[in-house]
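Below is one structure; the comments refer to it alone.
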Amino acid sequence: MTENSFIIHRKSRASGEVQSDLNITPVFTDTNPFVQQYRQKAWRRYLSLSIPDSSQEHWRRTNLRGIDFSTFKLAEPTENFQEQFPRIFDAPVAGKENGGTILLSPFDAKKNVAPQVQKKGIIFETLDSLKVTQPQIIEKVLSRIDHDKTAKFSALAGALGLQGILLYVPKNVRLELPLQSIFWAAGEGLLHSLQLFVYLEEGSSVTYVHESSSPNAGSSLSLHAALIDVYVGPDAHLNLVELQSWGENIVNFTSENVQVDRGGSVDWVFGALGSRLTKNVSNLSMIGAGATGKMSGFYFTDHVQHLDHDTQQNHLAPNTTSDLLFKGALTDNSRSVWQGMIYVSPEANKADGYQANRNLVLSKNARADSIPGLEILTDDVRCTHGATVGKIDEDQVFYLTSRGMPRDDAERLIVEGFFEPIMQRIPFEGVRKRFQNAIKEKMERYAAVATAKD
């Protein structure tokens, strides 16, 4: 069990504020001076920024006004760590075997890393441990981070994200076995913070799967703030898979920054299934000549879920390539927002960027907003984008039902076919199975509601 590294003081907020902020004042007591300064700087930045509102372009379609941030409290250390995790996490989602697994709860961790991973010099460890055992690695990773000065919740994660993981792969080291981590955040009315750092040296290669999850229960909202920073070195390759299966009482803010250097490549897969509200800001930057980035997103919303994905593909060097495909389905009174931008800098000649967002709206009260964008500041590029929002094709339903298939099964088959291009981009059968099971469960709930209305 690790020690709590800050002290909480309660203070009253000034009256007349438009919206209440967190009611905590941390006192940082890190023994590592570099980490101490990093967290203090992040906290000062957090305090300097107001809670985002609809007057800001990137928050126009995600309203936080109904969330009382002053009610969130920091999680306390818990004893029954192993009992918190569901059995579903016992099986690796990345295949029959993996190179290492880290299970995180707010104040504890359980790690199992294969000996061959450690022999290769790969570091796959919790931040809490590395602050003591290898502070130079922590400083190397943190010193290169330059976060958006307008991002309030990424600053919160940087300040309070005591729990987290660092994956560091040395030069020319290639690992075939995937690595996996799970952050499990139980409880109600709590503030959870997480930081993940991935750093690949030149010529290295690895596959990393991370999942954030919590019980699908609870009437009181909890807050999750995460900061994910990834660097893919020259001629290195990263397969990155992220799964979000939060319970429906979680308000989730995640800020992600992936940089790909000269000749490097990343294949980045998102899957979003849960939370009450999610605002996910994902920046993919090709910073070296010949860098390649591929982003694939899957989401399926129901009830009153609200998922907002804000993606940025930044071409900052010549001969760079990016490819984004996000697909989502919506039922009940849920809503999705996707805002995408391809940016091509003046130095990024011969850039090739593509983005597409496809949405399938299954209920009359569901809504999908899809906003693609291009900002091109040089010639000799090829950039395209597209977005669609539609309903199930009744001709397809008629075709299947006329051949004896029940309507519920016909609609489920059509939805599965809609997502198939995303499934083909997922490298692991275990991950595909999780998504396919989620489609089945949500379609069953959708069919049950439709039947009850009839």
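The values are calculated or read from the model by the stated rules, or taken from the named source; none is laboratory data. Computed from a predicted structure; not experimentally measured. FYI the Cβ positions are ideal-geometry reconstructions off the backbone, even for glycines, and counts take in every protein chain you see. To get the accessible areas, we keep the full protein, side chains included, count just its heavy atoms, and leave off ligands, DNA and RNA. Shrake-Rupley method; radii C 1.70, N 1.55, O 1.52, S 1.80 Å.
So the values come out like this:
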read-out	value
Any chance Asp379 is assigned to a loop (DSSP other than H, G, I, E, B) and open to solvent by 70 Å² or more (accessible area, probe 1.4 Å)	yes
Test: residue in the range 167-183 that is under 19 Å from the mean Cα position of the chain (by Cα) and closer than 24 Å to Phe72 by Cα	yes
The range 384-397, subset open to solvent by less than 60 Å² (accessible area, probe 1.4 Å) and touching a helix residue (DSSP H, G or I) at 6+ places or on another chain (Cβ under 8 Å), residue farthest from Leu273 (Cα to Cα)	Val397
Odd one out for Glu347 among (1) outside any strand (DSSP E or B); (2) under 17 Å from Lys327 (Cα atoms)	(2)
Some residue of the range 330-338 being farther than 21 Å from Asn249 by Cα, open to solvent by 10 Å² or more (accessible area, probe 1.4 Å) and assigned to a strand (DSSP E or B)	no
Selection count, the range 190-232, where residues are in a loop (DSSP other than H, G, I, E, B) and under 26 Å from Arg262 (Cβ atoms)	4
Gln84 vs. criteria modelled with pLDDT under 90, under 22 Å from Ser255 (Cα atoms) and surrounded by 13 or more Cβ atoms within 10 Å (Cβ to Cβ)	no
Candidates Phe419, Phe428 - the one that is of a type in the set (Phe, Trp, Tyr), touching a helix residue (DSSP H, G or I) at 6+ places or on another chain (Cβ under 8 Å), in contact (Cβ under 8 Å) with a residue 24 or more places away in the chain and open to solvent by less than 60 Å² (accessible area, probe 1.4 Å)	Phe419
Of the criteria (1) in contact (Cβ under 8 Å) with a residue 24 or more places away in the chain; (2) among the hydrophobic types (A, V, I, L, M, F, W, C); (3) assigned to a helix (DSSP H, G or I), which one Leu64 fails	(3)
Qualifying residue in the range 365-372 (condition: touching a strand residue (DSSP E or B) at 6+ places or on another chain (Cβ under 9 Å), surrounded by fewer than 13 Cβ atoms within 10 Å (Cβ to Cβ) and without any contact (Cβ under 8 Å) to a residue 40 or more places away in the chain)	no
Residue tally, condition out of contact with any Asp or Glu (no Cβ under 9 Å at 6 or more places or on another chain) and crowded, with 23+ Cβ neighbours inside 10 Å, over the range 209-222	1
Among the residues listed as Leu142, Leu156, the single one being assigned to a helix (DSSP H, G or I), in contact with a helix residue (DSSP H, G or I) (Cβ under 8 Å, 6 or more places away or on another chain) and open to solvent by 10 Å² or more (accessible area, probe 1.4 Å)	Leu142
Verdict on Gly187 being touching a residue at least 24 places away in the same chain (Cβ under 8 Å), part of a loop (DSSP other than H, G, I, E, B), open to solvent by less than 20 Å² (accessible area, probe 1.4 Å) and not charged (D, E, K, R)	no
Residue within the range 398-408 that is without any contact (Cβ under 8 Å) to a residue 12 or more places away in the chain, open to solvent by 70 Å² or more (accessible area, probe 1.4 Å) and in contact with a helix residue (DSSP H, G or I) (Cβ under 8 Å, 6 or more places away or on another chain) present	yes
Subset of the range 295-306 [touching a Leu at 6+ places or on another chain (Cβ under 8 Å) and open to solvent by less than 10 Å² (accessible area, probe 1.4 Å)]	Met295, Ser296, Gly297, Tyr299, Phe300, Thr301, Asp302, Gln305
